[in-house]
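What follows draws every value from the coordinates through simple rules; no lab data is involved. Quantities reported herein were computed from a predicted structural model and do not represent experimental measurements. In this analysis, Cβ positions are derived from the backbone assuming ideal geometry, glycine residues included, and neighbour counts consider all displayed protein chains.
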Amino acid sequence: MTFAELAIKELILLGVVLASLTGLFLFSKAIKNAGIIDVFWAASFGLISIAFAIISQGLPERKILLLIAVLPWSFRLAYHLFRRIAREHPHEDSRYAALRSEWGERADIMMYLVFLFQGALITILSPPFIVAASDAYSPLRLVEIVGAAICLAGTIGESIADEQLRRFKLLPENRGKVCSQGLWNYSRHPNYFFEFVVWVGIFIMASGSPLGLYTAYCPLLMLFFLTKMTGIKITEEQSLKSRGDEYRQYQQTTSAFFPWFKKPPRR
């Protein structure tokens, strides 16, 4: 695959994604819940992998390996987010509700731009899936199998972290408290950490294919968003508001992202 061929596929994908998100935005207005974009975001990478596995002329074994690695992560996360949105509906996710309140009369147009930005970002992050599915080289490379294994390990870790947090929140006595059990004892955001691990695995899996090494920006971009933009930053701001001093102590003793041992609390 050449850069020109990849660019053409990316432009076509961008058009499809933005058209889909325009329809999804209208649906989100009808149900008054912009959180549905999160479900689309998670599912999109699985759908992109399926689409390019069907239309590309890559090695069948490589396509199967790609789907084995990507689909459990993508669709599990989409289902997890859908369950959360359905459970809280008709209340909108607090992040989007806060933005809507801040934007006031401009809320609709600004929210639509958020949807379009998500679509552009999905397209920017899609090359690893495209180059892997389009690679006809035979046989499978060891690095691809290693990447797929890392991707699956990240999926398992993220699933465990989400399930531990879900079970913690189910208990009435934990209402308003900080979850510091299981993986959450070693990282304040183990779910985000394992999401990053998945993206590292996806890059490693694609790295052996033509243009694969150029997709190294994908896990780095995800790391930036998870730690500096929509992930840790916003989540911790909300946790400090709702849990106060208990969460501040949690911040002092527990690693923010990479799992590590506890630090003694400050006096």
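Pair-distance distribution of the chain: all C-alpha pairs, bin width 5 Å, starting at 0; shares per bin in whole percent are 1, 6, 11, 16, 17, 16, 13, 10, 6, 3, 1, 0, 0. Fully extending the segment from ILE12 to SER101, taken as 0.36 nm per residue of separation minus the present Cα-Cα distance, adds 28.6 nm.
Label sites at PHE75 and GLU236, each approximated as a point 7 angstrom past Cα along Cα to Cβ, lie 3.6 nm apart. Computed from Cα positions, the angle between helix 94-103 and the longest principal axis of the chain comes to roughly 90 degrees. Extension gain for GLU246-ARG166 works out to 26.9 nm (0.36 nm per residue, less the C-alpha to C-alpha distance). In whole angstrom, how far apart do the alpha carbon centroids of segment 96-152 and segment 1-75 sit? Cα centroid of segment 96-152 versus Cα centroid of segment 1-75: 8 Å apart. Restricting the chymotrypsin sites (Phe, Trp or Tyr not before Pro) of segment 222-267 to loop positions (DSSP other than H, G, I, E, B) with no more than 15 neighbouring Cβ atoms within 10 Å leaves TRP260, PHE261.
Please give the length that would be gained between ALA30 and ALA216 if that part of the chain were fully extended, namely 0.36 nm times their separation in residues minus their C-alpha to C-alpha distance (nm, one decimal).
63.1 nm
The orientation-averaged shadow of the Cα convex hull for segment 22-113, equal to a quarter of the hull surface, comes to 6.8 nm². Does a label point 7 Å from the Cα of LEU142, set along Cα-to-beta-carbon, have any residues of segment 197-216 with amide nitrogen under 18 Å, and which are they? Answer for this model: 204-209. Applied to segment 139-145, the Karplus parametrisation 6.51 cos²θ - 1.76 cosθ + 1.60 on θ = phi - 60° returns per-residue 3J(HN,Hα) values of x, 4, 8, 4, 4, 5, 5 Hz, with x for Gly and Pro.
The number of Lys pairs in the chain with C-alpha atoms less than 28 Å apart, excluding pairs fewer than 8 positions apart on the same chain, is 26. Seen against the Cα atoms of the chain and their longest principal axis, helix 60-88 is set at about 30 degrees. For a paramagnetic label modelled on THR227 (point 7 Å from Cα along Cα→Cβ), amide N atoms under 19 Å away belong, within segment 188-208, to 188-204.
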